[in-house]
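Chemist: Before anything else, here's the structure in question.
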Amino acid sequence: MARGGGKAGSLKDKLDGNELDLSLCDLSEVPVRELAALPKATILDLSCNNLISLPSDFCSLMHLVKLDLSKNRLQQLPLDFGRLVNLQHLDLLNNRLVTLPVSFAQLKNLKWLDLKDNPLDPVLAKVAGDCLDEKQCKQAAVRVLQHMKVIQSEQDQERQRKLQAEREMEKKREAEQRAREAQERELRKREKAEEKERRRREYDAQRAAKQEMEKKTKKETVQTRKPASSSRPPQPPRHKHSWSRSVLRVLLLVLLCILCTLAVCKLTELQHQPLCISVNTLYEDVVAAVQNHKSLQNLLHQNSQQ
């Protein structure tokens, strides 16, 4: 029990049937635990106390059907006030309420509502209207519930729009991330290709330089060896040398045969044979021609000296 519990006494003593009257008890807090132990108390009167706020567990008192919170100093109601789904009659006269929680729209059984003498938001005040008689209070309950349902629907739609926007933003971020990753992969691929091409050009350049160096070295070697080779007498080809020797051998053999034939025809008894006679005649002609050639040379020589 809160401050002033001595005046309130035992809650059971104040229970009259299903009605529990805790008004004018100078309460600054609501004894929720004790009230929860009295589920029969469906009508609760907390008017004319010093309540500034209601605890969050107050909304667990779902057995309440009629609730009187008038003439307190309540500045706001719990956000989950709509859990009191069995509430039919609600008196909030003369408090400090500016607005109502969105969950108020869940009070589907609310039939009576009094919001007079509160610094309500102008829109809410206009919707609630006056509560000067039973009819006006019932109309206030209907209008306020409809108004709060509209606000709840708008907030749900706004929440859905934000959720959808967040999802789209997340998809956009994922798409951008995928695009960045694709660009990075493409960049790495291009860099790899460029690096491969660079290495290939370097390899080709080194190979060309090596070949050029080999050609230059070979050329210098040939130029270095050329004078030495030019100082030597030209060697006849092997096949020409072999051919000359063969011709010489044939000539020598022919000359030998001629000499042998001449000797036979001069020195043997065959000199009277027709063949030898021809050979001897040919020999004598040759000798005469040689002598005449020598005489001619001598004559020319003498004339030249004169």
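The values are calculated or read from the model by the stated rules, or taken from the named source; none is laboratory data. If you're wondering where the values come from, they're calculated on a predicted model, not measured in any experiment. Methodologically, a virtual Cβ is constructed for each residue, glycine included, from the backbone with ideal geometry; neighbour enumeration extends over all protein chains shown. Side chains included, ligands, DNA and RNA excluded: accessible areas come from the protein's heavy atoms. Shrake-Rupley method; radii C 1.70, N 1.55, O 1.52, S 1.80 Å.
Chemist: Restricting to the range 39-78, count the residues that are small (Gly, Ala, Ser) and not in a loop (DSSP other than H, G, I, E, B). Even if it seems obvious, please write down each step before you answer.
Modeler: The first filter runs over the range 39-78 and keeps only residues small (Gly, Ala, Ser), leaving 41, 47, 53, 56, 60, 70.
Next cut, not in a loop (DSSP other than H, G, I, E, B) only: 56, 60.
Summing the residues that are small (Gly, Ala, Ser) and not in a loop (DSSP other than H, G, I, E, B) in the range 39-78 gives 2.
Chemist: Still on this structure, I have one more. Restricting to the range 146-162, name every residue that is in contact (Cβ under 8 Å) with a residue 40 or more places away in the chain and either more than 52 Å from the chain's Cα centre (by Cα) or open to solvent by 50 Å² or more (accessible area, probe 1.4 Å) (or both). Break it down into steps so the answer makes sense when it comes.
Modeler: From the range 146-162, those in contact (Cβ under 8 Å) with a residue 40 or more places away in the chain are 148-149, 151-152, 155; that's our starting set.
Residues satisfying the conditions are 149, 155.
Chemist: Scan the range 89-100 for residues that are open to solvent by less than 10 Å² (accessible area, probe 1.4 Å) and in contact with a Pro (Cβ under 8 Å, 6 or more places away or on another chain) and report the count.
Modeler: Count: 1.
Residues are listed down the side, and each one gets a yes or a no for (1) open to solvent by 60 Å² or more (accessible area, probe 1.4 Å); (2) assigned to a loop (DSSP other than H, G, I, E, B); (3) under 27 Å from residue 52 (Cβ atoms):
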position	(1), (2), (3)
104	no, no, yes
118	no, yes, yes
123	yes, no, yes
136	no, no, no
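Chemist: Still on this structure: Check whether at least one residue in the range 90-98 is under 55 Å from the mean Cα position of the chain (by Cα) and under 27 Å from residue 156 (Cα atoms), and report yes or no. If you could, list the steps in order and put the result at the bottom.
Modeler: Going through the range 90-98, the residues under 55 Å from the mean Cα position of the chain (by Cα) turn out to be 98.
With under 27 Å from residue 156 (Cα atoms) added as a condition, the list becomes 98.
Yes, the range 90-98 contains at least one residue that is under 55 Å from the mean Cα position of the chain (by Cα) and under 27 Å from residue 156 (Cα atoms).
Chemist: Would you mention how many residues in the range 16-63 are open to solvent by 40 Å² or more (accessible area, probe 1.4 Å) and either among the polar types (S, T, N, Q) or in contact with a Phe, Trp or Tyr (Cβ under 6 Å, 6 or more places away or on another chain) (or both)? Walk me through it before giving the result.
Modeler: Filtering the range 16-63 down to residues open to solvent by 40 Å² or more (accessible area, probe 1.4 Å) leaves 16-19, 21, 24, 26, 28-29, 33-34, 36-37, 39-40, 43, 48, 50, 52-53, 55-57, 60, 62-63.
After this cut, where a residue has to be either among the polar types (S, T, N, Q) or in contact with a Phe, Trp or Tyr (Cβ under 6 Å, 6 or more places away or on another chain) (or both) as well, the list is 18, 28, 50, 53, 56, 60.
Selection size over the range 16-63: 6.
Chemist: Another question, if that's okay. Has the range 4-23 got any residue that is part of a loop (DSSP other than H, G, I, E, B), closer than 22 Å to residue 131 by Cβ and in contact (Cβ under 8 Å) with a residue 12 or more places away in the chain?
Modeler: Filtering the range 4-23 for residues part of a loop (DSSP other than H, G, I, E, B) gives 4, 9-10, 17-18, 22-23.
Checking the rest, the ones that are also closer than 22 Å to residue 131 by Cβ come to 23.
Then keep just the ones that are in contact (Cβ under 8 Å) with a residue 12 or more places away in the chain; that gives 23.
Taking every residue of the range 4-23 in turn, at least one turns out to be part of a loop (DSSP other than H, G, I, E, B), closer than 22 Å to residue 131 by Cβ and in contact (Cβ under 8 Å) with a residue 12 or more places away in the chain.
Chemist: Also, quick follow-up: Pairs only if they're at least six apart or on different chains, beta carbon under 7 angstrom, first in the range 132-145 and closer than 20 Å to residue 108 by Cβ and in contact (Cβ under 8 Å) with a residue 40 or more places away in the chain, second part of a helix (DSSP H, G or I) and open to solvent by less than 80 Å² (accessible area, probe 1.4 Å); list them, first residue then second.
Modeler: 144/127; 144/128; 145/105
Chemist: So, one more: Just the residues that are of a type in the set (A, V, I, L, M, F, W, C) and on the phi > 0 side of the Ramachandran plot, please, taken from the range 10-57.
Modeler: If the condition is that a residue be of a type in the set (A, V, I, L, M, F, W, C) and on the phi > 0 side of the Ramachandran plot, then 24, 48 are the ones that fit.
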